[in-house]
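Asker: Sharing a structure below in structure tokens format, with a few things to ask.
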Amino acid sequence: MDVNRIRSMLLHEFPHATTPGQEQLMGELAVFLSISWKKANALFLLKGYAGTGKTTVVKALVNVLPALGKRTVLMAPTGRAAKVMAGYTGKQAHTIHRKIYLAWTNKEGQIELKLQKNLHRHTLFIVDEASMIQHAMPVEGQLFATRNLLDDLFAYVQSGENCRLLFIGDAAQLPPVGLAYSPALDVSFLKNGYELDIDSFELVEVVRQSQESGILVNATRLREKISHPEIRFPFFQLSSFPDVFRITGSELEEALIQAYAGSERENNVVICRSNKRANLFNREIRRRILFLEGEITPGDYLMVVKNNYYWLPVESSAGFIANGDIVELTRIRKFEEIYGFRFADITLRFIDYPDEPELDVKILLDTLTSESAALTQPDNNRLFQTIMEDYADLRSRRERVENVKANPYFNALQVKFAYALTCHKTQGGQWDTVFIDQGYLTEQMLNIEYLRWLYTAITRATKKMFLVNFQERFFE
């Protein structure tokens, strides 16, 4: 099919008038689908800021591809992001790791990841929130091999028959933890590292519908400031917008009560600058808003903070429990203190995977209120060495290590409460109501990275955003 015909089909799928940038993008995508697709190493990189219509473009593309004799597979880095993607396309979406990896146990009893076989033909793999894709993916600390997620994603897609990739992302958002940029959105990095033939386009015009949203208007203001070398105040404009609010700490409790009274727990989140601050919010929300007693309680929402390959059965469609998955605790069977750590046997259900049955697991209680993102490496090593003492009767160290790796205590899920989270933990997800806590802030902290943090936090909100305890100079 010729380029003009494909372009017309894409434009026909738009529910409203296109911006000049969107119209140009339709032509670029038509060329990619008609001509560039024939190149074995073709990749389309679609970047766009909040409110520029990326989701509308993707939905149009998904609707048109079947008429071109091509299929689609939708993927995102986290379960929450995949759920968002499924919501705006009306199609099933997968996490990248669950789609491309298979967890299996080798002859030594070790859990390893290997690439699934790509059986897809004539398929466009569309990956949303590509800014989050790590160049390397650590698997269960230093005891397991490390896989390079970006390498494996390219290898998996290219092994299929006539399959191609489209990355979607927002370059203004936070890059992956520990990196200064997002590798999957960097054209030079991708060309040099993978010898790809890349078509790239960036949407920058905010669509008319988004200009009525205080959340998106303020996100746009921040994004524009990110491009300047120096910080310029004010950041926020609140007047006349019904979805953006500035509140003090004394007003926060009432705002939280109203938010939780009007929706499910999974639709609200507080975004903090640190795990220490998130712990404070989680404690007070559980105690004063949700009236949950005890260290953990049935009904608690938890976020998994480290990939886990132990608890899900091999035949599970979910593959494994991933860092970022949100679960609801439905039952507590027992608490236990052993190996110098505290554990609980619980039953949970997956919030973002409603078809997945409830699952009995062991969780590590020590990570619930720790100030680190997950169990620290020294603590991880201490747990490992203490458990290994149980296998002292085995003659070889290799046998002892293999037994530790198959031990349920060593494989206990690492979790935190999901009511208040750091910005990196919320990235890729969306919530109806978002409370953003300024927290501790010095002049030295006011830099471009802080603006990226703030921009990413704001763009997690879909209906209401509360700015908590922000300084006067931040506002017009």
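The values are calculated or read from the model by the stated rules, or taken from the named source; none is laboratory data. Given the structure is predicted, the values throughout are model-derived calculations rather than measurements. Glycine also receives a Cβ, built like all others from the backbone with ideal geometry; neighbour counts cover every protein chain displayed. Just the protein is used for accessible areas: all its heavy atoms, side chains included, with ligands, DNA and RNA removed. Shrake-Rupley method; radii C 1.70, N 1.55, O 1.52, S 1.80 Å.
Asker: Let's test the formula: R0 of 56 Å, r as the Cβ-Cβ distance of LYS114 and ARG232. What FRET efficiency results, to the nearest 0.05?
Answerer: After rounding, the FRET efficiency stands at 0.65.
Asker: What net charge is computed for the residues neighbouring HIS122, neighbours being all others with C-beta under 11 Å from the C-beta of HIS122, Lys and Arg scored +1, Asp and Glu -1?
Answerer: After counting each charged neighbour, the total is +3.
Asker: Hey, another quick one. For the chain, which whole-number percentage of the solvent-accessible area (1.4 Å probe, protein heavy atoms only) is attributable to carbon and sulfur atoms?
Answerer: 48 percent
Asker: Quick check: net charge around MET85, other residues with Cβ under 13 Å of its Cβ, Lys/Arg +1 and Asp/Glu -1?
Answerer: For residues surrounding MET85, the net value is +3.
Asker: If you don't mind, there's one more thing I want to ask. At 1.4 Å probe size, put PHE466, PHE235 in order of accessible surface, largest to smallest.
Answerer: PHE466, PHE235
Asker: By a straight-distance test (C-alpha under 14 Å), which aspartates and glutamates pair with LYS91 as possible cross-link partners, with residues fewer than eight away in the same chain excluded?
Answerer: Partners found: ASP128.
Asker: Note the full-extension length gain between ASP197 and ILE247 as 0.36 nm times their separation in residues minus their Cα-Cα distance, in nm to one decimal.
Answerer: 13.1 nm
Asker: Just the number, please: percent antiparallel of the DSSP beta bridges in the chain, rounded to the nearest 5.
Answerer: Rounded to the nearest five, the antiparallel share is 40 percent.
Asker: Something else now. Where does the charge balance sit around TYR455 when Lys and Arg score +1, Asp and Glu -1, over other residues with C-beta under 13 Å from its C-beta?
Answerer: +2
Asker: Between SER188 and ALA67, with labels modelled 7 Å along Cα→Cβ, what's the label distance in nm to one decimal, could you check?
Answerer: 4.0 nm
Asker: Something else about it: If R₀ is 45 angstrom, what is the calculated FRET efficiency for the pair SER159 and ILE257, using the beta carbon separation as r and rounding to 0.05?
Answerer: So the FRET efficiency works out to roughly 0.30.
Asker: For a quick check of your reading of the filter: which GluC sites (Glu not before Pro) in the range 174-276 sit in a DSSP loop and have no more than 11 other Cβ atoms within 10 Å?
Answerer: Qualifying residues, ordered by number: GLU195, GLU230, GLU264.
Asker: Given Cα pairs under 8 Å that are at least 6 residues apart, what percent is the relative contact order of the range 200-320?
Answerer: Relative contact order for the range 200-320 comes out at 13 percent.
Asker: Of all GluC sites (Glu not before Pro) in the range 316-381, which ones are in loop regions per DSSP and have a Cβ with at most 16 other Cβ atoms within 10 Å?
Answerer: Here the GluC sites (Glu not before Pro) that fit, given the DSSP loop and packing criteria, are GLU358, GLU371.
Asker: Could you tell me the distance between the Cα centroids of the range 382-447 and the range 290-338, to the nearest Å?
Answerer: Their Cα centres are 12 Å away from one another.
Asker: In the chain, with Lys and Arg counted as +1 and Asp and Glu as -1 at Cβ, which of these residues, PHE435, VAL62, LEU292, has the Cα nearest the positive end of the dipole, that is, farthest along it?
Answerer: With unit charges placed on the Cβ atoms, the residue in question is VAL62.
Asker: How far, in nm, would the chain grow between SER316 and GLU295 when pulled straight, counting 0.36 nm per residue and subtracting the alpha carbon separation?
Answerer: Extending this stretch completely gives an extra 4.6 nm.
Asker: Could you give the dipole magnitude of the range 222-280 about its Cα centre, charging the beta-carbon of Lys and Arg +1 and that of Asp and Glu -1, in debye to the nearest 20?
Answerer: 360 debye
Asker: What size of dipole, in debye to the nearest 20, comes out for the chain about its Cα centre when the only charges are +1 on Lys and Arg C-beta atoms and -1 on Asp and Glu C-beta atoms?
Answerer: Magnitude of the dipole: close to 640 debye.
Asker: How would you order 34-46, 425-437 from highest to lowest mean count of nearby Cβ atoms within 10 Å?
Answerer: My ranking of the peptides, most packed first, is 425-437, 34-46.
Asker: Still on this structure: About the Cα centre of the range 292-376, what is the dipole size in debye to 20, counting +1 per Lys and Arg Cβ and -1 per Asp and Glu Cβ, all else neutral?
Answerer: 180 debye
Asker: Going by a ≥ b ≥ c, the root eigenvalues of the Cα gyration tensor, does the range 225-382 fall in the rounded group (a/c under 1.5), the prolate group (a/b larger than b/c) or the oblate group?
Answerer: Since a/c reaches 1.5 and a/b is larger than b/c, the shape of the range 225-382 is classed as prolate.
Asker: A follow-up question, please. How big is the gap, in Å, between the Cα center of the range 343-379 and the Cα center of the range 43-86?
Answerer: Computed from Cα coordinates, the inter-centre distance equals 30 Å.
Asker: Too long at a 25 Å Cα-Cα cut-off: which of LYS39/LYS425; LYS39/LYS191; LYS117/LYS425; LYS114/LYS306; LYS83/LYS334; LYS47/LYS225?
Answerer: LYS39/LYS425; LYS117/LYS425; LYS83/LYS334
Asker: Also: Per DSSP H run of n ≥ 4, the term is -39500 (n - 2.57); total these for the chain, divide by its residue number, and report the mean residue ellipticity at 222 nm rounded to 500 deg cm²/dmol.
Answerer: When only DSSP H runs of four or more count, the value is -9000 deg cm²/dmol.
Asker: Here's a follow-up. Given a 1.4 angstrom probe, what's the average accessible area per residue across the chain, in square angstrom?
Answerer: Accessible area per residue, the chain: 43 Å².
Asker: A follow-up question, please. Restricting to Cα pairs below 8 Å that are 6+ residues apart, what does the relative contact order work out to for the chain? Please round to a whole percent.
Answerer: For the chain, the relative contact order is 18 percent.
Asker: Which order do THR220, THR72, THR462 take by accessible area at a 1.4 Å probe, largest first?
Answerer: Largest to smallest exposure gives the sequence THR462, THR72, THR220.
Asker: Take the alpha carbon gyration tensor of the range 341-428, find the square roots of its eigenvalues, order them as a ≥ b ≥ c, and report rounded if a/c is under 1.5; if not, report prolate when a/b exceeds b/c, else oblate.
Answerer: prolate
Asker: What's the long-distance tail for the chain, i.e. % of Cα pairs beyond 41 Å?
Answerer: The share of Cα pairs beyond 41 Å in the chain comes to 21 percent.
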